[in-house]
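Read the structure below first, then the notes.
None of the figures in this text is laboratory data; all of them are computed from the coordinates on show. Predicted, not measured: the structure shown is a model, and the values here were computed from it. For neighbour counting, all protein chains shown are included, and Cβ atoms are generated from backbone atoms with ideal geometry for every residue, glycine included.
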Amino acid sequence: MHGRNSSIQYQRFQQVVAEDVLRDAKRGDSRAHGQLYKTYSRAIFTLALGICGSTECAEDVLHNTFIQLINKLPSYEGRAPLGMWLRQIAVNESLMYLRKHKKHNVVVSSDEFSFFEQVQDTDDDQHFPSSSDDFAQRLGDQTDMTTLLNKLPEDMRMILWLKEVEGYTHNEIAGLVDKTPSYSKSVVARALQFLRERIPQSELLPTVGEH
């Protein structure tokens, strides 16, 4: 289970579609498919943009996710909310895109990020300060997050987004990237440290509400 998350981005995936729309979509009705697209496309595009850092990736992931939706929806059993089920498809598509384009780098080699060190496995969370503060919350709620996140190496951006915006646990992230939970904790802590130290307050946009 994912932890509690109140970001606007997370809430977009929590939107519920009417039962008749879902029923018609499972039967292949194009209008119902269009309603699902209208409901979840922004959330999927934003997720992919946050993970990959490019509109090209986001557009590709959005397209492929809805192709998967149409193909898999008849077998959807409702054991998870539709939005969360769709979000996992979008995450998988985003990671596939990064791997395909060889952008999913596990090792950070730039001198600018020399502070990043992979840690040994540990169950002691005291080495990883909590990142659940206003700064982390803004990552998912601001309109132009790409400038902020693109200052990070790609693997840092992806893990930070999954943890702080999408609400994935460190254990879940570890499974996605074939690393340990401690690795995920270290990446998040160091990514937030880097951003806090190098991003001027003037570059942080205020929280944007839904309109």
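All told, SER41 meets the bar of being over 23 Å from THR169 (Cα atoms), among the hydroxyl-bearing types (Ser, Thr, Tyr), within 15 Å of the chain's Cα centre (by Cα) and in a helix (DSSP H, G or I).
Every residue, every condition in (1) out of contact with any helix residue (DSSP H, G or I) (no Cβ under 7 Å at 6 or more places or on another chain); (2) among the aliphatic types (A, V, I, L, M); (3) surrounded by fewer than 14 Cβ atoms within 10 Å (Cβ to Cβ), yes or no:
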position	(1), (2), (3)
ARG12	no, no, no
ARG23	yes, no, yes
SER30	yes, no, yes
TYR40	no, no, no
ALA43	no, yes, no
LEU49	no, yes, no
THR55	no, no, yes
LEU73	no, yes, no
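All conditions in (1) surrounded by fewer than 21 Cβ atoms within 10 Å (Cβ to Cβ); (2) assigned to a helix (DSSP H, G or I) hold for GLU77, with the sole exception of (2).
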